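The values are calculated or read from the model by the stated rules, or taken from the named source; none is laboratory data. No experiment lies behind these values; they were computed from the predicted model shown. Note: ideal-geometry Cβ built from the backbone for every residue, glycine included; neighbour counts use all protein chains shown.
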Amino acid sequence: MTDNQEKTSINPHEGHRGRMRAKLLSGQLDVLCPHELIELLTYYSIPRRDTNELSHDILNYFNGNFSAVFEAAPGELKKIPGVGENTAALITLIKCIMREIEHEKLKEKPILTTAEEMADYVSGLFFGHQNEVFYAVFLNNGGKVIAYEKIVDGSISEISVEPRKILEAALKYPKTKQVILTHNHPSGNIQPSGSDIDTTRLITRALNTVDIRVKDHLIIAGHRYYSFLENDLLY
C-alpha cells in the first residue's frame, strides 16, 4: 500500500489538529489517551487529513494494547487498512528511539541483589524483539554490573545457546564472578521449557569450572518475569 492509499477522510473539524497539539504542548501529558497519542503521531505521516478513525483502528487491531503497537514489526502494521509506508516507518522509528532510551539506562552499573531488581534492569534489552534473544549480564563479586552482551538470536519460539559462548564472553571481563542469564518469550508464556532448564544447568557447570556462578536466569515476557532463583531451579 502506498502513502496515497492510506485510509483517511477529510477532517470535518476545523482546528482539531491545532487543539490536539495544544493539548500535547500544555505539559499535561496524562490528559491524552492512547488513541489520541497515536492520532498525534500520524499527523506527521499523513498530513492534512483526519486520522482519528485510523488511530482507533490501529489500537483495536492490537486489542487495545498500546505497547503492542510500538513493538509490532513494520509488515504487521501495514496489514492494518489505512497504514502505509510512512505510518509504519514512523511507528518503527518511535520503537527504535524507545529501545535506545532503554539501552541508555543500561549504561548505569547498579548493584543487583533481588530477582525483581535484576528483572527490572534486563527488561529493556528485549523491547521490540519479535524473536527470542539471549543475553548475559556480568557482575563482580559484590553484585555490581560490569557489562552485558547479547549471546545469540533465536526464532519466535525457541533459542539454542552454547555454554561455551557464555564462558568465552565472561572471561573477557576479568572481574566477573557472577552472571545473570536472561532471555525473552515473545509468546507471553513465562514458564521455562525443558530446554531452558537443561541449558541453564549446562551453562552453570561450564561457569563453575572458572569459579563463576550463575546468579539467576530470568525469562522476560512483556512486563512479567520468571526467576530460576526464586523457583529453586539453579543447581
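Here are the numbers:
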| quantity | calculated |
| --- | --- |
| Selected residue (criterion: nearest to the chain's Cα centre (by Cα)) from residues of region 178-205 that are farther than 14 Å from I159 by Cα and surrounded by fewer than 19 Cβ atoms within 10 Å (Cβ to Cβ) | G188 |
| In region 132-160, residue modelled with the highest pLDDT [restricted to those that are among the small types (G, A, S) and more than 21 Å from L171 (Cα to Cα)] | G154 |
| Entirely in region 24-95, the helices (runs of 4 or more DSSP H) that have 3 or more residues that are within 19 Å of P186 (Cα to Cα) | 66-71, 74-77 |
| Qualifying residue in region 86-93 (condition: closer than 26 Å to R224 by Cα and either crowded, with 18+ Cβ neighbours inside 10 Å or assigned by TED's automatic domain parsing to the domain that holds F127 (or both)) | yes |
| Yes/no for F134 being within 24 Å of T92 (Cβ to Cβ) and outside any loop (DSSP other than H, G, I, E, B) | yes |
| Restricting region 172-190 to residues that are part of a loop (DSSP other than H, G, I, E, B) and among the polar types (S, T, N, Q), the residue that is modelled with the lowest pLDDT | S187 |
| Residue that is nearest to A73 (Cα to Cα), among those in region 101-123 that are assigned to a helix (DSSP H, G or I), modelled with pLDDT of 85 or more and of a type outside the set (A, V, I, L, M, F, W, C) | S123 |
